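Quick notes on the structure that follows.
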Amino acid sequence: MMMVDLSLIEPASFFIIVSSVINMAFSLALVITLLVNFFRKKTVGTFMLLSSYFLFSLTSAFSIAYRISLIYNEGVMTDTIYQMGSLTPMIILPAFAFLYFFGCRHILKDNEIVKTYLFAIIMVIYGLITAVIAYDNIYTNSLFSEPTYITNDVFTISYTWPILVAQIVISIFVTSRIGIRALRLARKSDQPIRKRGLQTIGIGVFLYLLAGLLSAFDSSISNLPALMITVSAFRALAYATAYVTMYLGWVMPAWYRKMIRKKSWFEMQYQQLQKR
Amino acid sequence: MSFLQRLFRTRTKHADITICGLDDAGKTTILRFLETGEFVDTTPTMGVNRETLHLPNLQVNVFDLAGQEDFRNMWHNINEKSDGIVFVIDRSNVMRFDEAKEVFEQTIHAQLDQDLIILILLNKSDEPNVIEKSLFIEEFNLLDLPFKWAVFETSAKTGDGIFNSFKWFVDEFIG
Ligand SMILES: Nc1nc2c(ncn2[C@@H]2O[C@H](COP(=O)(O)OP(=O)(O)OP(=O)(O)O)[C@@H](O)[C@H]2O)c(=O)[nH]1
Ligand SMILES: [Mg+2]
């Protein structure tokens with residue numbers, strides 16, 4: 001069994017746990033509203049989006065469980081805890097794959113060839129990562145045990161660099177493309193509800209990317225607790241606003257539509273008359 | 001207004017209204033005018049256009065039907081559920097008055113709801129040679145109509161009468 005120096009991870013861990021709990025609460029709220037939407041609409045698109053965010057919230061759950069059990073176990077790394085830590089990268093890529101395919105249905109205009117290639121690339125990377133993690137789990141148990149790297153979140157850094165880089169590249173690629181395209185479509189649209197919906201999606205997706213990058217950043221500074229706590233706080237804030245924004249954009253609840261909707265000529269005339 | 005009355009007034013009511021009339025009468029043009037406040041070019045309607053007006057205490061769902069003969073047999077499906085009917089007539093097209101009258105009577109007689117409110121719009125008032133309002137009322141036997149009704153002279157081109165007619169209409173629903 002290997003030992004992890006608790007004094008290194010404990011002070012910062014607390015804040016990362018709190019920030020992950022906030023993250024998970026908001027993502028679960030989004031998942032639940034999407035689920036309600038899915039039962040009403042039963043569309044493939046909603047299902048993909050739902051799956052994607054469900055996997056994202058699962059990663060926060062694993063991250064929290066991993067840290068708590070490590071502290072609870074007084075720094076003793078058991079096989080179970082170790083495997084829990086290595087699950088995150090296995091979940092994130094499918095989550096982004098779902099997000100990408102959702103994007104293809106509604107926002108991106110990738111043709112079948114591009115889609116197939118991208119999917120193949122994601123699968124190959126996924127296969128490689130799986131192989132590395134499986135090998136590590138069976139033989140070496142060393143990838144995830146460095147305390148400085150123990151941060152699991154959407155962009156967790158707790159494994160070797162290639163895995164991390166692959167993850168960051170794919171996440172930036174998928175999210176920024178959806179974000180940029182959504183903003184571009186918003187600019188072209190002259191329908192106020194669609195326009196604002198797409199803008200909201202674009203902003204939400206970029207906030208989400210920002211939050212993810214902050215997670216990647218805060219694990220590389222885990223030896224600087226003060227900075228790390230600040231980053232964790234910002235990260236929690238970024239995730240919360242990102243999830244609220246994405247909820248507004250993807251689900252477009254009735255009150256939000258009503259707020260955006262431009263008043264018709266008749267409605268405005270009628271209201272003016274009443275005021276007088 | 002007493003406190004109690006005011007209390008009950010704050011509840012939002014819902015009303016479904018349909019816009020009927022022969023093709024080319026200007027139904028869709030009127031609907032677009034309500035939306036935008038200006039004359040908008042339209043194409044003949046093939047299905048149904050739907051708009052919602054959110055007024056204080058009242059939400060009105062407006063259904064603009066297709067007036068061409070082939071579509072008219074679908075009207076009753078929507079009319080059955082509606083609380084009010086807007087019947088639009090091209091008052092500059094003398095040739096089609098008889099047809100319009102026939103369709104008007106069919107539409108009205110298919111209605112069972114005693115509380116139905118009918119708004120009749122003599123549209124295209126900006127055109128020369130239009131039928132007089134009083135003559136129209138006589139021709140269409142409106143005085144015998146067992147419903148609450150009103151006739152307004154409108155033009156979806158200049159906007160004349162559009163606001164006033166629909167104001168009368170929605171005020172009838174608010175009560
Ligand atoms: N001059 C004049 N033209 C009008 C007026 N209202 C509508 N029009 C024109 O009449 C034509 C038919 O208008 P629509 O609103 O499409 O007619 P509609 O009743 O919706 O016809 P259907 O959809 O086929 O039932 C268009 O060319 C309009 O521009 C009006 O008040 N004055
Ligand atoms: Mg029409």
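The values are calculated or read from the model by the stated rules, or taken from the named source; none is laboratory data. All figures in this text were calculated on a predicted structure; none of them were measured in a lab. Positions of Cβ are generated from backbone atoms using ideal geometry, with glycine treated the same way; all protein chains shown enter the neighbour counts. The area values use the complete protein model at the heavy-atom level, side chains included, leaving out ligands, DNA and RNA. Shrake-Rupley method; radii C 1.70, N 1.55, O 1.52, S 1.80 Å.
Descriptive notes on the structure:
- Panel note: contact residues of the stretch B:148-175 (accessible area lowered by at least 20 Å² against the chain on its own; 1.4 Å probe) correspond to B:F163, B:K167.
- Given R0 = 51 Å, the distance between the Cβ atoms of B:R96 and A:V76 translates into a calculated FRET efficiency of 0.05.
- Rounded if a/c under 1.5, otherwise prolate or oblate - the stretch B:20-95, Cα gyration tensor axes: oblate
- Our helix-only sum for chain B, with -39,500 (n - 2.57) per DSSP H run of n ≥ 4 divided by its residues, gives a mean residue ellipticity at 222 nm of -9500 deg cm²/dmol.
- For the residues B:F63, B:F140, B:F87, a GNM of chain B with alpha-carbon springs under 10 Å puts the largest fluctuation on B:F140.
- Take each residue of peptide B:31-43, count the partner chain Cβ atoms within 10 Å of its Cβ, and average: the result is 2.
- Taken across both chains, chains A and B shield about 1300 Å² of accessible surface from a 1.4 Å probe.
- Long-range HN-HN contacts of B:L58 with modeled amide H, under 5 Å: B:K13
- Residues of the protein assembly as shown: accessible area per residue with a 1.4 Å probe, Å²: 50 Å²
- Label separation (A:Q274 vs B:E51): 1.8 nm, computed from points 7 Å beyond Cα along the C-beta direction.
- FRET efficiency for the pair B:L145 and A:K109, taken as 1/(1 + (r/R0)^6) with r the Cβ-Cβ distance and R0 = 45 Å, rounds to 0.25.
- Note on the protein assembly as shown: semi-axes of the ellipsoid equivalent to its C-alpha gyration tensor, largest first and rounded to whole Å, are 64, 23, 17.
- Cross-link table A:K262/B:K13; A:K195/B:K124; A:K263/B:K13; A:K262/B:K101; A:K115/A:K188, entries beyond 27 Å C-alpha to C-alpha: A:K195/B:K124; A:K262/B:K101
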